[in-house]
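K.L.:
This is the structure I want to talk about, given as structure tokens.
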Amino acid sequence: MSEGLFLTLEGIDGAGKSSHLDAMEALFKARGRTVVRTREPGGTPLAETLRGLVLEQAMDPLTESLLVFAARRDHIVQVIEPALARGDVVLCDRFTDATFAYQGAGRGFDTQLLSTLEQWVQGGRGAAGLLLQPHITLWFDLAPEIAAERLAGARLPDKFESQPVEFFRRVAAGYAARAAADAPRFVRIDASQTRDQVWQQVETALVARGALAPATGAAR
Ligand SMILES: Nc1ncnc2c1ncn2[C@@H]1O[C@H](COP(=O)(O)OP(=O)(O)OP(=O)(O)O)[C@@H](O)[C@H]1O
Ligand SMILES: Cc1cn([C@H]2C[C@H](O)[C@@H](COP(=O)(O)O)O2)c(=O)[nH]c1=O
């Protein structure tokens, strides 16, 4: 059985990533792929419980980081690795880049410690002990002011969505740094465009990366 495709979507709150999940799922299914659509924090009953705590309760950055990595560990073991082993497409709304962007850059938490947690939770894959990382990360890049306008009135803000625009400037810078550090994995999507134009960018990126080819997994 070939290795599956692990695809993540990232960006600040309100960047517009979730708006394209249905169409992405349909695109893969039309090519005969089985799609596991999931999100972080979350994706398993335990991780969804932890998500509720992280999104609703005030806590210090270390507690927040430990909870998102604990949720991630359960998600990887229960859902992501089994799906990839089956050869499925895992379409995941946020993953570890969000931790570096939100807890690291946004909250100012120690990124060395985040790297250690990343190693514990995602390391030890295969004989070489590699880190589990997405094959492709679509980074929806949008100015925090525009994202805030889009979110205003769209829904009741959660703990993160209630943060001031300065917080999201730091988060956006955190994503930019993470993308620069692993450029082959990231595709920057200009999320300021119309929905249709953003979708065109997504589809073009998936074609260019060979993600829509028959089920052989993405090269990386
Ligand atoms: N290209 C676009 N132009 C204008 N508005 C958009 C665009 N894309 C999405 N929106 C709107 O912006 C809001 C946020 O979109 P969406 O929920 O997809 O963002 P998100 O990145 O998934 O946010 P979050 O991470 O906070 O869940 C929604 O009201 C959505 O309808
Ligand atoms: C994975 C992850 C997420 N967050 C934050 C980012 C968002 O504000 C919420 C999730 O909400 P969404 O509507 O599903 O985007 O959680 C975080 O702070 N750290 C993380 O690792």
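K.L.:
Looking only at the range 123-148, which residues are at negative phi and surrounded by fewer than 16 Cβ atoms within 10 Å (Cβ to Cβ)? Lay out the reasoning, then the answer.
P.N.:
Taking the range 123-148 as the starting set, the residues that turn out to be at negative phi are 123, 125, 127-128, 130-148.
Gly123, Arg125, Ala127, Ala128, Leu130, Leu131, Glu145, Ile146 - these are the residues of the range 123-148 that are at negative phi and surrounded by fewer than 16 Cβ atoms within 10 Å (Cβ to Cβ).
K.L.:
Return yes or no: is Arg37 open to solvent by 30 Å² or more (accessible area, probe 1.4 Å) and under 16 Å from the mean Cα position of the chain (by Cα)? Spell out the reasoning first.
P.N.:
Numbers: open to solvent by 30 Å² or more (accessible area, probe 1.4 Å): yes; under 16 Å from the mean Cα position of the chain (by Cα): yes.
It is true that Arg37 is open to solvent by 30 Å² or more (accessible area, probe 1.4 Å) and under 16 Å from the mean Cα position of the chain (by Cα).
K.L.:
Does at least one position in the range 12-23 carry a residue that is open to solvent by 10 Å² or more (accessible area, probe 1.4 Å) and closer than 19 Å to Pro214 by Cα?
P.N.:
Yes, the conditions are met somewhere in the range 12-23.
K.L.:
So, one more: Within the range 108-122, restricting attention to residues that are buried (at least 19 other Cβ atoms within 10 Å of the Cβ) and of a type outside the set (A, V, I, L, M, F, W, C), which residue is nearest to ligand 2 (Cβ to nearest atom)?
P.N.:
Glu118
K.L.:
Going through the range 58-88 one residue at a time, which ones are open to solvent by 10 Å² or more (accessible area, probe 1.4 Å), among the polar types (S, T, N, Q) and touching a Ser or Thr at 6+ places or on another chain (Cβ under 9 Å)?
P.N.:
Gln78
K.L.:
Kindly list the number of the only condition in (1) surrounded by 13 or more Cβ atoms within 10 Å (Cβ to Cβ); (2) under 27 Å from Leu27 (Cβ atoms) that fails for Asp190.
P.N.:
It is condition (1) that Asp190 fails.
K.L.:
Can I ask one more? Would it be correct to say that Leu91 is within 16 Å of ligand 1 (Cβ to nearest atom) and either surrounded by 15 or more Cβ atoms within 10 Å (Cβ to Cβ) or part of a helix (DSSP H, G or I) (or both)?
P.N.:
Working: within 16 Å of ligand 1 (Cβ to nearest atom): yes; either surrounded by 15 or more Cβ atoms within 10 Å (Cβ to Cβ) or part of a helix (DSSP H, G or I) (or both): yes.
So Leu91 fits the description; yes.
K.L.:
If Ala179 passes every condition in (1) among the small types (Gly, Ala, Ser); (2) surrounded by fewer than 17 Cβ atoms within 10 Å (Cβ to Cβ); (3) part of a helix (DSSP H, G or I) but one, which one does it miss?
P.N.:
For Ala179, the exception is condition (2).
K.L.:
Spot the failing condition for Ser192; the list is (1) touching a residue at least 12 places away in the same chain (Cβ under 8 Å); (2) under 21 Å from Leu7 (Cβ atoms); (3) within 14 Å of ligand 1 (Cβ to nearest atom), and only one is missed.
P.N.:
Against the list (1) touching a residue at least 12 places away in the same chain (Cβ under 8 Å); (2) under 21 Å from Leu7 (Cβ atoms); (3) within 14 Å of ligand 1 (Cβ to nearest atom), Ser192 comes up short only on (2).
K.L.:
I'd like to check something: does the range 6-13 contain any residue that is β-branched (Val, Ile, Thr), within 15 Å of ligand 1 (Cβ to nearest atom), under 24 Å from Arg178 (Cβ atoms) and in a helix (DSSP H, G or I)?
P.N.:
Of the range 6-13, the ones β-branched (Val, Ile, Thr) are 8, 12.
Still in the running and within 15 Å of ligand 1 (Cβ to nearest atom): 8, 12.
Next cut, under 24 Å from Arg178 (Cβ atoms) only: 8, 12.
Subsequent filtering for residues that are in a helix (DSSP H, G or I) retains none.
So far as the range 6-13 goes, no, none of its residues is β-branched (Val, Ile, Thr), within 15 Å of ligand 1 (Cβ to nearest atom), under 24 Å from Arg178 (Cβ atoms) and in a helix (DSSP H, G or I).
K.L.:
Please find, within the range 70-91, the residue that is farthest from Ile136 (Cα to Cα) out of those that are among the aliphatic types (A, V, I, L, M) and free of Cβ contacts under 8 Å to residues at least 60 places away in the same chain. I'd like the intermediate steps shown before the answer.
P.N.:
Step one: list which residues in the range 70-91 are among the aliphatic types (A, V, I, L, M), which gives 70-71, 76-77, 79-80, 83-85, 89-91.
Restricting the remaining residues to those that are free of Cβ contacts under 8 Å to residues at least 60 places away in the same chain gives 70-71, 76-77, 79.
Details: Ala70: 23, Ala71: 21, Ile76: 17, Val77: 20, Val79: 18 Å.
Looking at the filtered set, the residue picked out is Ala70.
K.L.:
Let me ask you something else. Sort out which residues of the range 149-176 are open to solvent by less than 60 Å² (accessible area, probe 1.4 Å) and within 13 Å of ligand 2 (Cβ to nearest atom), and write them in order of number.
P.N.:
Matches in the range 149-176: Leu151, Asp158, Lys159, Phe160, Glu161, Gln163, Phe167, Phe168, Val171, Ala172, Gly174, Tyr175.
The values are calculated or read from the model by the stated rules, or taken from the named source; none is laboratory data. Quick caveat: nothing in here was measured; it's all calculated off a predicted structure. With ideal geometry, Cβ positions are generated from the backbone for all residues, glycine too; neighbour counts draw on all protein chains shown. Only protein heavy atoms, including side chains, enter the accessible area calculation; ligands, DNA and RNA are left aside. Shrake-Rupley method; radii C 1.70, N 1.55, O 1.52, S 1.80 Å.
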